[in-house]
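All remarks here apply to the structure that follows.
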Amino acid sequence: MAELSIKSYIDAVKDKKTLVELQKHYYAFTFIRYADDYIYQSIVRDAMQSWANSNGINQDNIENKDEADAALKQKMKPYLDTLMSIYADCGIKIKSADVEYPWNRMFEIKVAPILD
């Protein structure tokens, strides 16, 4: 619903400069949603939970967040590279995307794409 609301608002903008700027934000938003909602939640989260269990890390209270963030970046990288490639095929250049845990738990991630 949120995505459709944003998209319908953007589609109504007439000023070209404003439209281009809003579209960049929209593409960043959709990239974040794909990276978090699909890639992390349905694929990488299980791998990270297994990693935590094998390293004796409490998934709900990460003591060494830097170590967990490094493992997250490594596990997310091939998926983010593929997603950036898909966006590039559609003419949307994403220079990079960083991921980390915003809290000391593995429930969700923060995704920060950098658009060209």
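Quick note: the coordinates plus some simple rules give every number you see, no bench work behind them. Computed from a predicted structure; not experimentally measured.
Observations on the structure shown:
- Look at [x] 8.6; [y] 7.8; [z] 10.2: the one that is mean projected area of the Cα convex hull in nm² derived from this structure is [y].
- Its relative contact order, with pairs defined as Cα atoms under 8 Å and 6+ residues apart, puts the chain at 28 percent.
- Only helices enter the 222 nm calculation for the chain: every DSSP H run of n ≥ 4 contributes -39,500 (n - 2.57), and dividing by all residues gives -18000 deg cm²/dmol, rounded to 500.
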